[in-house]
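Worksheet: the structure to be examined is printed underneath.
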Amino acid sequence: MSRRVAEAVFQGLFLLCEIRGVLRETAPHHRLSADQKAKTAKTLEKLEKQINILKEELVS
C-alpha cells in the first residue's frame, strides 16, 4: 500500500469522525443548523476527494 493510500484512508476516517460529531450534537432528530449543514457539506467534499484518491490508487 502506498503512502498516498494510507494517508487517504486516515484522512477519510478523520472526516467521517467529524460528521459523526455533528450527528452526535444533533441527536436524536439530526436537525442541522445552517452552519452545521455548511460545515458538513465541506467535510463531505473533502471526503469525496479522499475517496477519489483511493479509487485512483486501488481500482484504476
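Applying the criterion of being touching a residue at least 12 places away in the same chain (Cβ under 8 Å) and of a type in the set (Ser, Thr, Tyr) to the residues of the stretch 19-46, the residue that is farthest from Glu7 (Cα to Cα) is Thr40. Residues in the stretch 27-60 that are surrounded by 14 or more Cβ atoms within 10 Å (Cβ to Cβ) and among the hydroxyl-bearing types (Ser, Thr, Tyr): Thr40, Thr43. The set of residues in the stretch 1-26 being surrounded by fewer than 11 Cβ atoms within 10 Å (Cβ to Cβ), at pLDDT 95 or above and outside any helix (DSSP H, G or I) is empty. Does the stretch 35-48 contain any residue that is over 15 Å from the mean Cα position of the chain (by Cα) and either of a type outside the set (A, V, I, L, M, F, W, C) or part of a helix (DSSP H, G or I) (or both)? So far as the stretch 35-48 goes, yes, one or more of its residues are over 15 Å from the mean Cα position of the chain (by Cα) and either of a type outside the set (A, V, I, L, M, F, W, C) or part of a helix (DSSP H, G or I) (or both).
The values are calculated or read from the model by the stated rules, or taken from the named source; none is laboratory data. Computed from a predicted model, the values in this text were never measured in an experiment. As a convention, Cβ positions derive from the backbone with ideal geometry for all residues, glycine included, and neighbour counts pool all protein chains shown.
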